[in-house]
Structure formats: structure tokens, C-alpha cells
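Enquirer: Below is a structure I'd like to ask you about.
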Amino acid sequence: MEIRWISSLEKVFSDEALAAPELREATALRGERFSVQCATYYEGLDKLAVEVSMKTDLPGEVKLYRVGYVPSLLPTYPWSDDHFLRKTPGIYPDPLFEVTQQISLSRQQWRSVWVEAAIPTDCPAGRYTIELTFTSQVEWLDICETTAFTVEVLPVTLPKQTLLYTGWFHADCLAVHYDVPVFSEAHWQLLEKYVRNAAQYGMTMLLTPVFTPPLDTAVGGERPTVQLVDVTLKNGDYRFSFAKLKRFLQMADRCGIQCFEISHLFTQWGAKHAPKIMATVDGEYKRIFGWDTDAVGEEYRTFLQKFLKRLCAFLKREGYLERCWFHVSDEPNEKVEENYRQAAEIIREALGDLPVMDALSNYSFYEKGLVKHPVPSLNHITPFIENNVPDLWTYYCCGQVKEVSNRMMAMPSARNRILGVQLYKYAIVGFLQWGFNFWFSQYSLRPIDPYAVTDADDAFPSGDAFIVYPGRNGEPVPSLRELVFNEGLQDMRALQLLESLTSREEALNFIEEQCGNEGLSFTDYPRDAAWLLSFRENLNRKLAELQ
């Protein structure tokens, strides 16, 4: 049996020899989540069940996961760049299943277990050992192998995250997958578990479905109703109950969410219609707005004005208004500029100076004052940077498969993690990604099993639609991409700490020194894992010297 410690930036494929260099020790800061892998290879002809035990003197929670595998029929698009580990359909490492006792070593294949340590903020500085023992006592083979990894915790505490980060949280996917009624007690329990997972790995803003979000929905189609605001129409008068919304906000508070992203008030890709809105009308529960609604017609305009006035009053009364952001329509383009302009004007009249943001990549929308907080994609962000747009956000999704960072399954983990350094360099204040747990096919035509279908039915490269899997008993199963993305956010926080101890100029100089002649932008950056590991080690040591 061969054992090799490797970094969290390696992906261990079951059908190829492991080329990753060995890593036996590393530094970590207080308050961060540190990960490392232990890869194993079994030469035998039959699979072997092995008990894995862990012993460590490191304080805080230390978890052991088995790296699982899922199929990918669409690793990327034909027109993507070549900065991928593979571009062919196959089996890819991604889900992390918590190890309780045994793992299976397959015949002549490399496999990996993943160790994640949540370093307490009050952890004493020093060197700590993580020791793994692999044991099998069967008739034909007696194995007892012990291996150790050393983590040196430095006397430096990572500051809190300032980046606003939202990964769109799909409440309907939870209800459908676990087959529970929407907003039943079982659904509320699921919501809290998954929101807690999201917050644990860096998400600070939560998509809040005041009405069922009009996202990735076929024209004329519907997603399951997940409407937090109850609407009643009686004798021509709208009344609103915010009881479920209040419970949702309080639940998110418990999980550590800082801000709330009020779901879009117009349909995606054009703002031509209203989202699906359900109401009790003279005792009958039915849809009152949707695809047949003119977005800027008098009826919906009147409804929105009344609704937003009372929503804002509720949010202000409960102390949430200053933590809320609003949306008009997702990803409009120049062809629907007039639709967007009219819809945005309705929102502006009702919300005044409250923050409104949308994912859109045409600089003209910002230049013409149609949106105050644009969220351009990484590959369209240059004009926004060149024109010094303040408090700039960015996003990526399926289309960002050339040059820029992303977190597709087939990409190297370094391409996922490098984003943190880039966000720091360009002083980005917010990041958005649409797929935290989208377990539907494209356009929400049917539910899918994310362990079997990872590309939303041949629509998006595997890894775009979700970073978390549904586990047993309602427990979320993280992906290695979720943990690696959070490592990038921790890199950003470490750079912010360097800035606070020196200056922003000094922190930027440090990045350039580490990059050497390569430089760093959103499209040009060191491509390999070794650079990122060295960068973070050097940054950690520098921070320790400055304490």
C-alpha cells in the first residue's frame, strides 16, 4: 500500500498515475479552514475495506472525508481554452463524504481522503500533527500503516471576511429532492442546514425568495412555488403577510449570513414579465402575475409600488433594511435595454437609494445610469475597471471558460483558488455565482440527481450548477470545489491583513514580487498549484514577522 500526502489543490483521478508532489507540512493561520489530502494506492487485485482512524493534537474541529467520484458528460464547451485537467467525458473527483470508519481501496487505483481542520482563533501557536492509520485485517492481508502530516499554526489571526459573496440558494431544489412540502417544518430544517453550510464556506449574502425567483425557467414554465411573502387580494386591495420572511431572515442570522439579496422582480434575460406571484383572491389561492403579465403595465406597477412600500417598512421595522440588496432582471443585454430601463425606473421610484444590483456585462447599462451596482462577468470586467466603477462586483458562470478563473470539475483547483488574489488586487467588493444547489435540468424542466447528472442535462459544464450535494438525513455533502473556493477567500483575507499591518501599496507589491515576470490580472496569472502554495506560505511567514 502506497501513501502520499498531497495538497488540497490536487485532483486524484482513479484512472491515472498520481504525479502530484508530496507535501508533508504546511503553515496555517488562526481562524482559517485548512485542508490537505492523503492519497492511497493499493496494488492488489481485489478491492479492500480499510478502517481509517485519525489522531491529532490540533484543537478545534478536524474532519476526515473520502473523496468521491461523479460522472461528467459535459466537462466543458468545445470553444473553451486548454487550461483544464481534462476535456473528455469521464469520472471526476468532487463530493466529500465524511468518513465514519471504513473506506474502500479499489484495485490498482489511486484514491484520496481529505482532512479539513477548522483552526480556532485562540489556537496556541505551534506545530501540530495529524496522524492517519489505515488498518485491514483480512485472511489474505494484514495492513497497519500510519502516516503523519505537520501543521504549524502561526501566531496570526485571519481577519473576518469583508467580501460580499452570494451563491444563489435554490430553496425549491431542497424541497423537491427531499420530497417535503415547501416551508413545512422538514423544509425549514433543510434550509437551515444548507444555509449553515454556505455561510461556513464564505457565503455572506443569501438569495431571499420573497417571490419564486424567475431564474433559469423556461418561458411559460414554472418552478415550484417558494414564496416567502403571503399575498391576499380582497375587494381590490392587496395585503401582505411577512411571517415566513421574518422566519427566513432570523434563520439566516443564526447561520451567520450578513446580507440579503431580494429575489428578482422581473423575469430573466429581458425584464419583459413579472415573476410568478401567488395570492389568495377572495378565498382562492392562485397565480396573479407571471408570463402573461406585462412587466411595465399599470397593474403590475401598482402592485409593485404597494408591495415594495410595505416590504421596506417591514424590513426597516425588523432591522434588516440596511442589509438588503434588490434585483431588477438577471443578465439583460443591449437588445432589451429599453425593457430594462422601464423596469428599473419602476424599482427606482419605489426604492430610492436602496442598493439595486444585477448581473450584466454591457458597460452601457451602467454608463446610462440604468443600474447603480453592475455585476459584470470576469471576462467583461475590463471597461468597468478602466472607468473606475466604485464598489465593483463580478461573477462567473458557464460562459467563463476562456482565460479567467472558474470552478468547473475539469479545471485545476488552482484555477478555482486564484480568484481570491485577483479579487484583492482589483479591490472587488462582491462576488456572485448562480449555482449553489441547482439540482434541476436547464430551464428547470425536471429535477435531476446531482450524483448522476452534473451538467444540468448537457447544458452547463459540470460544476457550474452546484457546489454542494444532497446527503442523507438532510445533511449537505460539500464538494472539494466548495472548500478550495473558500481557500481563495482566505487568501484574500490574508492579503487584507497584510494591508492593515503595512499598506495597500505594500500588499500589491508583495503580489507582484511573488508573480515575478508573469504579472497578475483576471486573464494572466500563474497557472500551477505550486505557485499558490508557495505564495500563501510566503504570505503567512511575512504576516508572522509583522506581528
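Values in this text are rule-based calculations from the coordinates and carry no lab data. Note that the structure is a prediction, hence the values are computed from the model and not measured. When we count neighbours, we look across all protein chains shown, and the Cβ atoms used for this are built from the backbone with ideal geometry, even at glycine.
Enquirer: Quick check: the distance between the Cα centres of segment 11-58 and segment 192-240, to the nearest angstrom?
Expert: Each part's Cα centre sits 40 Å from the other's.
Enquirer: Something else: R0 = 45 Å: FRET efficiency of Asn517 with Asp282, Cβ-based, nearest 0.05?
Expert: 0.05
Enquirer: Which ³J(HN,Hα) values in Hz, rounded to whole numbers, follow from the phi angles of segment 160-165 under the Karplus curve 6.51 cos²θ - 1.76 cosθ + 1.60, where θ = phi - 60° and Gly and Pro get x?
Expert: 5, 6, 9, 4, 7, 9
Enquirer: I'd like the Karplus ³J(HN,Hα) series for segment 20-37: coefficients 6.51, -1.76, 1.60, θ = phi - 60°, whole numbers in Hz, and an x wherever there's a Gly or Pro.
Expert: Running phi through 6.51 cos²θ - 1.76 cosθ + 1.60 with θ = phi - 60° gives 4, x, 6, 10, 9, 7, 7, 9, 8, 9, 5, x, 10, 9, 9, 10, 8, 10 Hz.
Enquirer: If r is the Cβ-Cβ distance from Glu338 to Leu501 and R0 is 56 Å, what FRET efficiency results, to the nearest 0.05?
Expert: 0.65
Enquirer: So what J values fall out for segment 83-98 if you push phi through Karplus, 6.51 cos²θ - 1.76 cosθ + 1.60 with θ = phi - 60°, rounded to Hz, Gly and Pro as x?
Expert: Couplings: 7, 10, 6, 8, 10, 10, x, x, 9, 10, x, 7, x, 10, 9, 5 Hz.
Enquirer: Moving to a separate point now. I'd like the distance between the alpha-carbon centres of segment 410-450 and segment 118-169, rounded to an integer number of Å.
Expert: Using only Cα atoms, the two centres lie 25 Å from each other.
Enquirer: Please list, by residue number, every one of the trypsin sites (Lys or Arg not before Pro) in segment 1-53 that is coil in DSSP and has at most 10 other beta-carbon atoms within 10 Å.
Expert: Loop-located and lightly packed - none at all.
Enquirer: Scan segment 36-69 for GluC sites (Glu not before Pro) in coil per DSSP, keeping those whose Cβ has at most 13 other Cβ atoms within 10 Å, and list them by number.
Expert: Passing both the DSSP loop test and the Cβ count: Glu43, Glu61.
Enquirer: List every residue whose amide H lies under 5 Å from the amide H of Val226, counting only residues 5 or more places away in sequence or on a different chain, with H placed 1.01 Å from N in the peptide plane.
Expert: Close amide H contacts, sequence-distant or interchain: Thr212.
Enquirer: Ignoring chymotrypsin sites (Phe, Trp or Tyr not before Pro) that are buried or in helix or strand per DSSP, and keeping those with at most 11 other beta carbon atoms within 10 Å, what is the longest stretch of the chain between them?
Expert: The longest uninterrupted stretch comes out as 141-547.
Enquirer: Excluding residues fewer than 8 places away in the same chain, name every one of the lysines whose C-alpha is closer than 18 Å to that of Lys11.
Expert: Counting by Cα, and skipping residues close in sequence, Lys11 has these lysines nearby: Lys87.
Enquirer: How would segment 227-294 be classified by its alpha-carbon gyration tensor: rounded, prolate or oblate, with rounded meaning a/c under 1.5 and the a/b versus b/c comparison settling the rest?
Expert: The shape class here is oblate.
Enquirer: Further question: Around Asp15, under 14 Å between beta carbons, what's the net of Lys plus Arg minus Asp minus Glu among the other residues?
Expert: That sum, taken over residues with Cβ under 14 Å, equals +3.
Enquirer: Excluding residues fewer than 8 places away in the same chain, name every one of the lysines whose C-alpha is closer than 30 Å to that of Lys246.
Expert: Lys160, Lys193, Lys234, Lys272, Lys276, Lys286, Lys306, Lys309, Lys316, Lys372
Enquirer: Using a simple spin-label model with points 7 Å from Cα along the Cα→Cβ vector, what separation in nm is obtained for Asp292 and Asn538?
Expert: Reported label-point gap for Asp292 and Asn538 is 6.4 nm.
Enquirer: Also, I was wondering about something else. I need two numbers for segment 430-547: Rg to one decimal and Dmax as a whole number, Cα atoms only, in Å.
Expert: 18.8, 56
Enquirer: Let me ask something else. Taking the Cα-to-Cβ direction at Thr121 and at Glu475 and moving 7 Å from each Cα, how far apart do the two end points lie in nm?
Expert: Calculated label separation equals 2.7 nm.
Enquirer: Suppose only helical runs count, i.e. DSSP H with n ≥ 4. What mean residue ellipticity at 222 nm does that imply for the chain under -39500 (n - 2.57) per run, divided by all residues and rounded to the nearest 500 deg cm²/dmol?
Expert: The helix-only estimate for the chain comes to -8500 deg cm²/dmol at 222 nm.
Enquirer: Let me ask you something else. Find the percent of Cα-Cα distances in segment 237-334 that exceed 17 Å, and round it to a whole number.
Expert: Above the 17 Å cut-off, segment 237-334 has 59 percent of its Cα pairs.
Enquirer: Further question on the same structure: Could you let me know the centre-to-centre spacing of segment 310-377 and segment 273-302, using Cα atoms, in angstrom?
Expert: So the separation of the two Cα centres works out to 20 Å.
Enquirer: State, as an integer percentage, the relative contact order of the chain based on alpha-carbon contacts under 8 Å between residues 6 or more apart.
Expert: This gives 16 percent for the chain.
Enquirer: Could you give the nm distance between label points at Lys87 and Ala218, where each point is 7 Å from its Cα heading toward the beta carbon?
Expert: That separation, rounded to one decimal, is 3.1 nm.
Enquirer: For the chain, what number results from the quotient of the Cα radius of gyration and 2.2 N^0.38 Å?
Expert: 1.01
Enquirer: What's the FRET efficiency of Arg239 with Arg446 using the Cβ-Cβ distance as r and R₀ = 35 Å, to the nearest 0.05?
Expert: According to the calculation, E is roughly 0.50.
Enquirer: For segment 18-114, how big is Rg over Rh, using alpha carbon atoms and the Kirkwood form of Rh?
Expert: 1.02
Enquirer: Also, I was wondering about something else. I want the antiparallel fraction of DSSP beta bridges within the chain, as a percent rounded to 5.
Expert: Beta bridges within the chain, antiparallel portion: roughly 75 percent.
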